[in-house]
Amino acid sequence: MPPVTLPADLRHEFADINGIRMHYVEAGSGDDVVLFLHGFPESWYSWRHQLAHFAPRYRVVAPDQRGYNETEATGPYDTETLQQDVLALIQHLGVERVHLVAHDWGAIVAWLLAIHHPEALKSLTICNVPHPAVFAKQIRRNPRQWLRSWYVLFFQVPWLPETLLASQDYQWLARMIIRDTRPGTFTREDVKQMLEGWRRQGLGGGVQWYRAAVRGRGMALPDPVPLILTPTILIWGEDDVALGKELTYGTDNYVHDLTVHYLPNTSHWVQQEEPEAVNRFIEEHLRRVEDRVPI
């Protein structure tokens, strides 16, 4: 894959929000903000292809979430706090609603925002993470998914996960992610960016997200679970080794306006491995939302 050219007007900014100093990048202009939330163990840079594609038409923003890269690694890390981080960033940007695009742990936060704070969203794009109610059902009934999620329990062990992740100065972790994707997905510059981000302050903050989740802080859903009315697309790489395709089944029970896009022979790192397809799906989604006639 050829190197991506980041937007010429890409700006690195900092905001003091919700008790932390958050780093984010921004490019483009306009009233419509597309906000990108990364997952573990990444940073804003995982959205480089999307920032380049959408900046000419939208105001695009991608933060380093709490504990990652250049954003302060200060707890707590429960999902209520993580949601408030995003809401505070939206307020800091001077807008009321955003098009939210999210992957991995960022997508968990995004699902919860759509459930608890739909007033902040114009549209929702989720990459390779199931709706939390669907996941809760599957984890109770599907032993195979329990095995796939072994790392979540491993991350509960004190200090050891952070130590192993840092093995060989994080070279081991980089090789693992590269092996999980199609050859050519990551350039040398991409790997350099990943390593610099991990080495900056470690991945202890990211691991704490898992620990807080297992301890039950902020993961409980209302009963009954509210139907998400925000127009939503779910993009799913079918070769995700940690999250099976069956975790997408039944999502339409919880989302009123849902489109699911499957990408065969594509890993968990979907927006980086298949950026052209992901960008096309997002672009079609945003245009459909924009073309709606207000009631």
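The values are calculated or read from the model by the stated rules, or taken from the named source; none is laboratory data. Source: prediction; values computed, not measured. Cβ: placed from backbone, ideal geometry, glycine included. Neighbour counts: every protein chain shown.
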Inset, instruction - Kindly list, by first and then second residue, each pair from a residue in segment 34-58 that is under 18 Å from LEU173 (Cα atoms) to a residue that is small (Gly, Ala, Ser) and part of a loop (DSSP other than H, G, I, E, B), limited to pairs with Cβ atoms under 9 Å and residues at least 6 apart or on different chains. - result: SER46/GLY39
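Table: residues versus (1) free of Cβ contacts under 8 Å to residues at least 24 places away in the same chain; (2) in contact with a Lys or Arg (Cβ under 8 Å, 6 or more places away or on another chain).
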residue	(1), (2)
ASP169	no, yes
MET176	yes, no
PHE186	no, no
VAL191	yes, no
GLY197	no, no
GLN201	no, no
GLY206	no, no
GLY216	yes, no
LEU221	no, no
Legend entry - Output for segment 123-158, where each listed residue is touching a Phe, Trp or Tyr at 6+ places or on another chain (Cβ under 6 Å) and under 15 Å from TYR210 (Cβ atoms): PRO132, VAL152, PHE155
Inset, instruction - Taking the residues in segment 14-69 that are assigned to a loop (DSSP other than H, G, I, E, B) and of a type in the set (Lys, Arg) as candidates, determine which candidate is surrounded by the fewest Cβ atoms within 10 Å (Cβ to Cβ). - result: ARG57
Inset, instruction - Might you check whether a residue that is under 23 Å from HIS261 (Cα atoms) and of a type in the set (Gly, Ala, Ser) occurs anywhere in segment 126-141? - result: yes
Legend entry - Filtered residue count, segment 117-154, keeping only those that are at pLDDT 90 or above and either crowded, with 18+ Cβ neighbours inside 10 Å or outside any loop (DSSP other than H, G, I, E, B) (or both): 18
Inset, instruction - Go through (1) over 22 Å from ASP190 (Cα atoms); (2) outside any loop (DSSP other than H, G, I, E, B); (3) in contact with a strand residue (DSSP E or B) (Cβ under 9 Å, 6 or more places away or on another chain) and name the single condition GLN83 misses. - result: (3)
Inset, instruction - Give me the pairs, please: first residue somewhere in segment 87-109 and at positive phi, second residue anywhere and among the hydrophobic types (A, V, I, L, M, F, W, C) and buried (at least 24 other Cβ atoms within 10 Å of the Cβ), beta-carbon distance under 8 Å, and either six or more positions apart or on two chains. - result: ASP104/CYS127; ASP104/VAL129
Inset, instruction - For segment 191-242, name all the residues that are in contact with a strand residue (DSSP E or B) (Cβ under 6 Å, 6 or more places away or on another chain) and over 30 Å from ALA277 (Cβ atoms). - result: none
